[in-house]
Amino acid sequence: MNNNELWQSVLAQMQLCISKANFATWFQNTEIISKEDGKIVISVPNAFSKEWLSNKYYKLMLKTFYDIDSSVKGLEFTINPQSLKNLVVKRTLEEEKINAEQLKFDEFKVNKETNLNPRYLFENFVVGSFNELAHAASLAVSENPGNAYNPLFIYGGVGLGKTHLIQAVGNKINSNLKKKRVKYISSEKFVSNIISAIRTKSMESFKASLSPIDVLIVDDVQFFAGKNKSQEEFFHVFNSLYEKNKQIILSSDRPPNAIPELEERLRSRFEGGMIADVNLPDYETRLVILKTKLQEKNLKLPEDILEYIASNVKKNIRELEGALNGLLIYYKTNNSVPDLEVVKKLLKSYVFSPFNVANYKKIIETVAKFYNLEEKNLFDPTRRKEIVKPRQIAMFLLRKELKYSFPSIARKFGNKDHTTVIYAYKKILQESEENNKLTEELSLIKQRVYSG
Ligand code: ADP
Ligand code: MG
């Protein structure tokens, strides 16, 4: 067996043990470059792959090698960008017939019973250090609903894969032989159901409809902020399922302790299981995501175009997908692959520019929205705690992010005296050094200010 045959047999085995997306992610463009004295040297395209393969898959790979060839004693990974050359880069996509089917994005039918979209699967979810914990926890829950972590709470910014992940759990459980009743519902829908149940005096039947459920998935629970009646009803639904050992899965754009106007008892329920976040993927992972998406559609694009997208579309995964789909639609209508100059024009609206997004209006708007206040509340001359803190944070950010002078911030807030602003600035600075919750809130607010 030569090196290539050996590698192909190992890959064939590995493919059975890990998900399709992970396989595509970590084993693309790899090959054996030498085999001496039982030591195999495998070339990988970048440092990122090297790290992942040696940390996550070393044991499994070694065992697989050993089962095929017992003379193998150890593995080594070496970075060889040359191996990218093996990638078939095509300037034209002619060989890849694009048919209407491939370009019909997101047109899967949502399952009427579960409300799940069958497109959201573990198999097409790319895992990297930015979402590793959330992925692992979700997988554990899907394998042992009700018993692994309950509730499972996934949080993170817009377009980073929360809905995909929590629905993947639902779809996986739903595909098991032992039938469990899974229900996915957005918080918005939950709230509107509660409102109409109140109006039609049918609360009991609404709650009864949820009681036979084994797995309840509620998306975007930050939407419950300030909606007291819905929180109360949700609290009862939560408890009755939880007591029966039923699985509850929640998502939110922020951790439970940063959701404003959330009843304490509900917050503590949310915090009672596993909390995991999803972050922004880095450049290498963005590239992998693009390649995975293309592979799903059986398409290829030249490497330079993919690299351009991955280095410029940074806001979130939804935008990355949007940019890619934009190019594919261009291809479909023009029947040619856009060159880099055209790509740059097409993607103008996606390209992230950190310089023009933070401004006064944006900071005030974001802080108010984050704390569920109206903008004018921030300027109320009140000492109420719910307002003082957001106001101090707004002052802090105007200083820190925009370098406004203390007196000019004071004027914006109708203060004659700018020492109040200095006090606010110092207080937030000091507290953020001592208090993780505040640090996290500040970072979530900044993320929103800069990504809007
Ligand atoms: P969120 O709910 O956090 O706003 P979504 O789950 O709707 O984000 O994800 C936005 C889009 O990005 C979806 O089309 C989803 O399939 C895709 N996506 C997000 N994360 C990943 C990932 N890790 N791997 C592959 N696709 C992803
Ligand atoms: Mg979502």
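FYI, it's all coordinate maths here, none of it is from the lab. The structure displayed is predicted, hence computed values, not measured ones. Because the Cβ atoms are built from the backbone with ideal geometry, glycine has one as well, and the counts that use them run over all protein chains shown.
When the square roots of the Cα gyration tensor eigenvalues are ordered a ≥ b ≥ c, the ratio a/c for segment 125-217 is 1.5 or more and a/b does not exceed b/c, which makes its shape oblate.
Counting each DSSP H run of 4 or more residues in the chain as -39500 (n - 2.57), what helix-only mean residue ellipticity at 222 nm follows after dividing by all residues, to the nearest 500 deg cm²/dmol?
Numbers: 20 runs with 235 residues, N = 452.
The helix-only estimate for the chain comes to -16000 deg cm²/dmol at 222 nm.
Placing +1 on the Cβ of every Lys and Arg and -1 on the Cβ of every Asp and Glu, with nothing else charged, gives the chain a dipole about its Cα centre of roughly 1440 debye. Within a straight-line Cα-Cα reach of under 14 Å, K362 can be paired with the following aspartates and glutamates, leaving aside sequence neighbours fewer than 8 residues apart in one chain: E374, E375, E401.
Please give me, ordered by residue number, the trypsin sites (Lys or Arg not before Pro) of segment 173-260 that lie in loop per DSSP and have at most 13 other Cβ atoms within 10 Å.
Within segment 173-260, the qualifying trypsin sites (Lys or Arg not before Pro) (loop, at most 13 other Cβ atoms within 10 Å) are K178, K179, K201, K244.
Could you pull out the longest piece of the chain with no exposed loop chymotrypsin sites (Phe, Trp or Tyr not before Pro) in it, calling a site exposed if DSSP puts it outside H, G, I, E, B and it has at most 12 other Cβ atoms within 10 Å? Result for the longest clean stretch: 109-354. In the chain, the C-alpha radius of gyration followed by the widest Cα-Cα span (Dmax) gives 25.5, 83 angstrom. If you filter segment 296-348 for trypsin sites (Lys or Arg not before Pro), then keep DSSP loop positions with at most 14 other Cβ within 10 Å, what is left? In loop regions of segment 296-348 (DSSP not H, G, I, E or B), the sparsely surrounded trypsin sites (Lys or Arg not before Pro) are K348. Each label was represented as a point 7 Å from its Cα along the Cα-to-Cβ direction; for L340 and N4 these points are 3.1 nm apart. Under 20 Å of direct C-alpha separation, and excluding same-chain neighbours fewer than eight residues apart, K178 reaches these lysines: K112, K244, K246. Cβ crowding within 10 Å, taken as a proxy for footprinting-reagent exposure, orders S451, S252 from fewest neighbours to most as S451, S252. In units of the rule-of-thumb radius 2.2 N^0.38 Å, segment 313-452 shows an alpha carbon radius of gyration of 1.39. Restriction of the trypsin sites (Lys or Arg not before Pro) in segment 370-436 to DSSP coil positions whose beta-carbon has at most 13 other beta-carbons within 10 angstrom yields R383, R384, K403, K416. With 0.36 nm allotted per residue and the present C-alpha distance subtracted, the N325-E375 stretch has 14.4 nm of extension available. Looking at the square roots a ≥ b ≥ c of the eigenvalues of the Cα gyration tensor of segment 161-206, which shape do they give, rounded for a/c under 1.5, prolate if a/b is larger than b/c, or oblate? It is oblate, given that a/c is not under 1.5 and a/b is not larger than b/c. Rg and Dmax, both from the Cα atoms of segment 263-339 and both in Å, are 17.8, 58.
By the beta-carbon count within 10 Å of each Cβ, the least crowded to most crowded order of L216, L75, L250, fewest first, is L75, L216, L250.
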